[in-house]
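To start, the structure itself, in structure tokens.
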Amino acid sequence: MEVRLAESAGFCFGVNRAMDKVSEQIRKADGNKKIYTYGPIIHNSEVVRDLKEKGVDIVESTDEFEKIRGQILIIRSHGVAKAVYDKAKDYGITVEDATCPFVSKIHDIVRKRGEEGWHVVIIGDATHPEVEGIVGWATGPVTVVNTEEEAETFSCNNNAKLCIVSQTTFNAQRFKHFVEIIKEKGYYTDVINTICNATAVRQSEAAEISMHADKMIVIGDPQSSNTKKLADICRSNCKDTYHIQTVRDLTGTDLQSGTCVGITAGASTPNHLIQEVLLYVRGI
Ligand code: SF4
């Protein structure tokens, strides 16, 4: 039986960097300051549990800053609004910034273009923390567009110059489509494609492997939206697709019928979970 593991399975560059930052802080901890992350560092409950055992807790919003006055706060790869840094400063909180550089680049664009008088349009999900963070760097008018209908109904001052950016994980085809709809309205438009290709590469590799596999295993937290998306892609090509969290979830699963098992994993799946599954499947 052939076992194919996607090269792009697991942490992307930005998540790796954020995890390294947390490990570094745990290593440097001298017991005087407690470590917090702003939201879960990644969408993986196993990792979050492990970090909690090592003394790393989560704060969900700036409302909790009084409680963590003077402590250490790690900003995850999604980034946060400028107001979060400002408020952390007010509370004497030491910020360790693990915002992915690709996301920081969008913050810079949004801030600068706002100062230059552009109307910023962010193609993305307004409720996603990354987009909330990007909106929080706007220094002028800003609109978030997440659906075809929102693109069609978008309007602003006729003389506005539009700067369109994207959430890093947005689907490239939909981005292009929404941009075309908005451009047809005749505004002066500058489009900056800020989609990160880590997601696209992971998705296209999953599609390619699942097309040839008899069984497909997708490893990742059930709450992780990028893992769910991967599972959907694989399921559309391979009906025997299993979305699992750890190797334990494979107990009782028939992986022997067939000649090829494919494995991939979401952006928030740690490498050791992937390796455990790989060893198990190879053992069969
Ligand atoms: Fe950074 Fe891309 Fe990973 Fe997002 S998906 S954290 S932008 S590397």
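The values are calculated or read from the model by the stated rules, or taken from the named source; none is laboratory data. These figures come from a predicted structure and were not determined experimentally. Neighbour counts run over all protein chains shown; Cβ positions are idealised from the backbone, glycine included. Calculation scope for accessible area: heavy atoms of the full protein, side chains included, ligands and nucleic acids excluded. Shrake-Rupley method; radii C 1.70, N 1.55, O 1.52, S 1.80 Å.
Annotations for the structure displayed:
- Value at 222 nm in deg cm²/dmol, rounded to 500, when DSSP H runs of n ≥ 4 in the chain each add -39,500 (n - 2.57): -12500 deg cm²/dmol
- Segment 219-273: C-alpha gyration tensor shape, a/c 1.5 cut-off, then a/b vs b/c: oblate
- Residue ranges 33-42, 247-256 sort as 33-42, 247-256 when ordered by packing (mean number of other C-beta atoms within 10 Å per residue, highest first).
- SER204 contributes an accessible area of around 70 Å² to the protein surface, as traced by a 1.4 Å probe with all chains present.
- Ordering of 96-102, 58-64, 128-134 by burial proxy (mean other Cβ atoms within 10 Å per residue, highest first): 128-134, 96-102, 58-64
- Prolate/oblate/rounded call for segment 172-284, Cα gyration tensor, a/c under 1.5 rounded: prolate
- Label-to-label distance, ALA172 versus GLU2, with points set 7 angstrom from Cα along the beta-carbon direction: 2.5 nm.
- Mean separation of Cα contacts under 8 Å (6+ apart) over length of segment 120-227, as relative contact order %: 25
- Sequence ranges 78-85, 2-9, ranked by mean other-Cβ count within 10 angstrom, highest first: 78-85, 2-9
- Between segment 52-80 and segment 206-284, the Cα center-to-center distance that results, in Å: 32
- The chain, relative contact order in percent, only Cα pairs under 8 angstrom and at least six apart counted: 22
- When the Cα gyration tensor is reduced to axis lengths a ≥ b ≥ c, the ratio a/c is 1.5 or higher for the chain, and with a/b not above b/c it is classed as oblate.
- For segment 96-131 and segment 1-37, distance of Cα centres in Å: 24
- Sorting MET19, MET216, MET1 on solvent-accessible area from highest to lowest, probe radius 1.4 Å, gives MET1, MET19, MET216.
- Cross-link partners for LYS239 among the aspartates and glutamates, with Cα-Cα distance under 13 Å and sequence neighbours closer than 8 places in the same chain left out: ASP214.
- Only Cα pairs under 8 Å and 6+ residues apart enter the sum, and on that basis the relative contact order of segment 108-177 stands at 41 percent.
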